[in-house]
1. For segment 390-414, give me each residue that is in contact with a helix residue (DSSP H, G or I) (Cβ under 7 Å, 6 or more places away or on another chain), crowded, with 16+ Cβ neighbours inside 10 Å and over 26 Å from residue 144 (Cβ atoms).
2. I'm trying to understand the selection: among the residues of segment 233-246, which are out of contact with any strand residue (DSSP E or B) (no Cβ under 7 Å at 6 or more places or on another chain) and either over 14 Å from residue 292 (Cβ atoms) or in contact (Cβ under 8 Å) with a residue 60 or more places away in the chain (or both)?
3. Given the residues 181, 115, which is the only one that is over 22 Å from residue 335 (Cβ atoms), modelled with pLDDT under 95 and in the same structural domain as residue 305 (by TED's automatic domain parsing)?
4. Scan segment 198-211 and tell me whether some residue there is under 23 Å from residue 358 (Cβ atoms), surrounded by 21 or more Cβ atoms within 10 Å (Cβ to Cβ) and in contact (Cβ under 8 Å) with a residue 12 or more places away in the chain.
5. Is it true that some residue in segment 51-59 is surrounded by 15 or more Cβ atoms within 10 Å (Cβ to Cβ) and not in a helix (DSSP H, G or I)?
6. Return yes or no: is residue 103 in a helix (DSSP H, G or I) and modelled with pLDDT of 85 or more?
7. Quick check on segment 320-359: of everything there that is in a loop (DSSP other than H, G, I, E, B) and at pLDDT below 95, which residue is surrounded by the fewest Cβ atoms within 10 Å (Cβ to Cβ)?
8. All but one of (1) crowded, with 19+ Cβ neighbours inside 10 Å; (2) within 22 Å of the chain's Cα centre (by Cα); (3) within 26 Å of residue 164 (Cβ to Cβ) hold for residue 277; state the number of the condition that does not hold.
């Protein structure tokens, strides 16, 4: 059907779909704005809607298909030109509030079974656009000499996501006083916290980070697993009562002295690090359990911005099997523990079942309740990690295959070995910038951890 020569028949919605034009919707929007400031005359709203339509026809021509934004611009202009400045102001506010509501809906992290499918799709599309969604694709990039290019692109994507998160925080200032950066083990929380601080500092926001690791109880008070290992992964290993007392004091402007925890000795000393939060400062919490309710239960929700970080990698092998997010993080931690906590890689592997159990109980279920989600997976890290770790997986498979208490370690080692086996390893990490997130795990970072 052709459009009527003297009418507007269709409009374009924000999502690009074309729908029938309805002048009554303009009338209703104007009437609501007028009612918000005490108006009660719908007939005036109808007359103004007619004038809006005339302006649209004069501006875009008969049979044109204006957008919703085009129409709203004309509504504002018409209200002002006809002397309805107060109603125009109410309409502008209404329009702004609707825009913010749409933005909140779009930013909402929807997760089914703790999987943010929309975000996963975005990650997969990015990988496909950069030819790194498969082991074969990464191998081709390495063979063609383009590995440094992949490093730069992956790091840039991650940096852009962190910067976007910083902008979300700025939009909620000064109400937000605490930013929580949380996620499962070795997802990159510490580097993300540092980079978030850099981004916010660049626009004048002053940041203060609190090290929650200093609130661990003495190791003798930690629960143990079935193997007798001390559990650092459960939130109950932290002095949650003292954390809440200190958070309240900081937001009230009082000075506190945080503890200091020595991982080598497994003991803490109280009242060590003096700390005070000024009115123009934001407190950052970089913690495995930052989203765990009791950790910040003393602080109202509106004063907190919650960011979740996870290795949402989407790289698959020729059988179509994807590298598991937890396996990606396991490898990161195997390397970092060897130089940061003086643990051998196989010790990290055998302890990992405990890490996962705590994550599934206390961390991952919160992925659908946060304000922002960052993907920290870097496809280029897999060849780097293979070079440093691959030799340990056959050893683990041999050691634990017949051990009934280490079947979890055996299964993980076998799965990672089979995935990495056809992947070309990379020994040269010189293309990786000193401020790259991966440096948190492999060493050589410009940041102090």
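The values are calculated or read from the model by the stated rules, or taken from the named source; none is laboratory data. This structure is a prediction, so every number in the text was calculated from the model and none was measured. Ideal geometry is used to build each Cβ from the backbone, glycine not excepted, and the neighbour counts take in all protein chains shown.
1. 392, 393, 396, 397, 400, 406, 408, 409, 410, 412, 413, 414
2. Step one: filter segment 233-246 for residues out of contact with any strand residue (DSSP E or B) (no Cβ under 7 Å at 6 or more places or on another chain), giving 233-236, 239-245.
Those that are out of contact with any strand residue (DSSP E or B) (no Cβ under 7 Å at 6 or more places or on another chain) and either over 14 Å from residue 292 (Cβ atoms) or in contact (Cβ under 8 Å) with a residue 60 or more places away in the chain (or both): 233, 234, 235, 242, 245.
3. On the way: 181 fails: over 22 Å from residue 335 (Cβ atoms).
Exactly one residue qualifies, and that residue is 115.
4. yes
5. We begin by selecting, within segment 51-59, every residue surrounded by 15 or more Cβ atoms within 10 Å (Cβ to Cβ); these are 51-53, 55-57.
Add one more test, that the residue is not in a helix (DSSP H, G or I), and what stays is none.
The answer is no, given that none of the residues of segment 51-59 is surrounded by 15 or more Cβ atoms within 10 Å (Cβ to Cβ) and not in a helix (DSSP H, G or I).
6. Numbers: in a helix (DSSP H, G or I): yes; modelled with pLDDT of 85 or more: no.
Taking the combined requirement at face value, the residue does not satisfy it.
7. Initially, segment 320-359 is screened for residues in a loop (DSSP other than H, G, I, E, B), giving 320-321, 323-324, 341-344.
Still in the running and at pLDDT below 95: 320-321, 341-344.
Working: 320: 7, 321: 13, 341: 13, 342: 10, 343: 16, 344: 12.
It comes out as 320.
8. Every condition holds for residue 277 apart from (2).
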